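Readers should treat all values here as calculations from the given coordinates under stated rules, not as data from a laboratory. Given the structure is predicted, the values throughout are model-derived calculations rather than measurements. Heads up, the Cβs are rebuilt from the backbone with ideal geometry, glycines too, and the neighbour counts pull from every protein chain shown.
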Amino acid sequence: MEKIIWGEGFSVGVRELDDQHKRIVTIVNTLLDMNDTNVGSEIISDTLTKMTQYASDHFKTEEQYMLDYGYPEYLSQKKQHQEFKKMTVNFCVGTMVHNATVPTEIFTYLKSWWINHILKEDMKYKDFFHTKGVK
């Protein structure tokens, strides 16, 4: 599966959030490099756990920005973040029970979710934060 290539089109205009998104893309790309790895592989489980933890930290940061500046679509973003967390927990459980389809599902879901979330949902707050002077 092709990696995600970070470009300026992914920038949401808030340095801290962009840096976090870049880190997440790096973790997703690490998983994509493992496309032929067995579901029982500890490295998939470890990398998925790292992704889950880092994404959770990122969501907290992002949501705090939204709360601090009164972003009107905060609840929608929070709901999407919660759905992502549920899915990644399900994937973690799948790796523990050695569900053979989990690696393909993980890679497809993570790549699609992050690309769509950053380029569609997170871009909605780009102008909002810009008008608030957040960089």
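Please work out if Phe84 is farther than 17 Å from Phe129 by Cα, in contact with a His (Cβ under 8 Å, 6 or more places away or on another chain) and surrounded by 15 or more Cβ atoms within 10 Å (Cβ to Cβ). So Phe84 passes the test. Within the range 53-85, the residues that satisfy the criterion of being in a helix (DSSP H, G or I) and in contact with an Asp or Glu (Cβ under 9 Å, 6 or more places away or on another chain) are Thr61, Glu62, Tyr65, Met66, Tyr74, Ser76, Gln77, Lys78, Gln80, His81. Consider Ile5 carefully, then state whether it is among the hydrophobic types (A, V, I, L, M, F, W, C) and surrounded by 13 or more Cβ atoms within 10 Å (Cβ to Cβ). Spelling it out, it is not the case that Ile5 is among the hydrophobic types (A, V, I, L, M, F, W, C) and surrounded by 13 or more Cβ atoms within 10 Å (Cβ to Cβ).
One residue stands out among those in the range 51-81 that are loosely packed, with under 14 Cβ neighbours inside 10 Å and of a type in the set (Lys, Arg): the one that is farthest from Glu105 (Cα to Cα), which is Lys60. Within the range 50-79, can you find the residues that are over 20 Å from Val134 (Cβ atoms) and not β-branched (Val, Ile, Thr)? Within the range 50-79, Lys50, Met51, Gln53, Tyr54, Ala55, Ser56, Lys79 meet the criteria.
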